[in-house]
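The values are calculated or read from the model by the stated rules, or taken from the named source; none is laboratory data. Note that this is a predicted model, so its numbers are computed, not measured. Please note: Cβ atoms are built from the backbone with ideal geometry, for glycine as well, and neighbour counts cover all protein chains shown.
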Amino acid sequence: MKKSLFFTMIAILMALPPHAANAAGPPDIRVLVIGDAAAISIDGLGFELKAGPHGSRQKAEFGKKLVIRADGKNLIANGKDVGPSLVVTSRERQYGLGDRTFGGELYIYSKPPGSMIIVNKIPLEKYLVGIVGSEISPTWPIESIKAQVVAARTYAMNKMEAPSASVPKRLYDVTSTVSSQVYHGSHVEDARSAAAVRETSGEVLMKDGKIFPAYYHSCCGGKTENAHNVWDGETGPPLVEDSFCARSPAFRWRYSISERDFVKRLSDSGFSIARVQSVATTILSDSPRVQFLLVEDGSGLQMIDARDLRKIFGHTNIKSTWFEVRIVKGSLEFSGKGYGHGVGMCQWGVKGMADEGRGYRDILKFYYSDAEIKRAY
């Protein structure tokens, strides 16, 4: 069975309860914390299992450890076949997965032919407390933490209300990686983060009465980016000149790679390039950032999308698409500015503004000038 068909079928058969925000309080969010695993070991206390979202519950005397492995279509929990999906809860609502800890509930789905995915269902406000320690530092000024919380809450609720084709509607809302928002788990929670979440409870950014994806990134390098240059057809907030992120360690960066390794990495990614003779870049028409890297070898000129280049060589190496490149003594040397896609709020800029005494509402207005702060619940 094709994966897309599998996810469609399981979405229909095992629909989770709705989680739209309402007057009763914050909704729950479903976070994909493991996307592909043949087996997992869960630490906890007083496990309770339910076969599928609508199955009957059963207490499980599994001690403090639950080992689940994928076996074709079904899941095997400590040697017992429990079907294609499973909901795990514990008395303390805390679960250890490797070096990470999560609260709430764990939804586990078989992913044929021999894998599984793990989704953490957790109250949105509790999730946001963990976001702070995952995305920035809880030691930053409290107003910068509040700005991060409101932006993260806005992004999360947008994904919960308007899931895309890449996020099956009934399995999860967001991932725990940079493809959504980084979320390491509940073990990174702290009192200052909890206070920032509590003091901004329910606050989101809205445009024309709608919650939108409030994109943000680590460091813009001095100027934010148009959303359509990162995601085709996407719209984002107006551009801003930003001097507040100058203290970021990634405001300026360098990356060097030997020509041999450069060619091999490109070849492994499907590009046919021999010995590099020259390199150059083309710049976007409405941005200082790079659109294409031009590589000339003996067979001619090849164009590599700068967004793909970051994926191939690693986002932590080529930190942004705002760079220059040259060949020096058999190596390609990149020198650039900023860290991340550059759209929306600059996290290091937020810190810089808070260091100067700006409040979180003013900070958010600087980066999202066409939006308003509203209460979603």
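Within the range 217-252, the residues that satisfy the criterion of being of a type in the set (A, V, I, L, M, F, W, C) and either touching a His at 6+ places or on another chain (Cβ under 9 Å) or under 16 Å from S331 (Cβ atoms) (or both) are A227, V230, W231.
Picking from residues in the range 233-280 that are in contact (Cβ under 8 Å) with a residue 12 or more places away in the chain and among the polar types (S, T, N, Q), the one that is surrounded by the most Cβ atoms within 10 Å (Cβ to Cβ) is S248.
Evaluate the range 170-185: report whether one residue or more is charged (D, E, K, R), more than 18 Å from the chain's Cα centre (by Cα), at pLDDT 95 or above and not assigned by TED's automatic domain parsing to the domain that holds F102. No, the range 170-185 has no match at all.
Taking the conditions (1) modelled with pLDDT under 95; (2) surrounded by 19 or more Cβ atoms within 10 Å (Cβ to Cβ) in turn, K319 satisfies each one other than (1).
Evaluate the range 294-309: report whether one residue or more is in contact (Cβ under 8 Å) with a residue 40 or more places away in the chain and among the polar types (S, T, N, Q). There is no residue in the range 294-309 that is in contact (Cβ under 8 Å) with a residue 40 or more places away in the chain and among the polar types (S, T, N, Q). Taking the criterion of being closer than 22 Å to W322 by Cβ and surrounded by fewer than 24 Cβ atoms within 10 Å (Cβ to Cβ), the residues of the range 354-377 that qualify are F366, S369.
Taking first residues from the range 179-198 that are under 11 Å from K126 (Cα atoms) and touching a residue at least 40 places away in the same chain (Cβ under 8 Å) and partners that are buried (at least 18 other Cβ atoms within 10 Å of the Cβ) and of a type in the set (F, W, Y), the Cβ contacts under 7 Å between residues at least 6 apart in sequence or on separate chains come to G185/F102; S186/F102.
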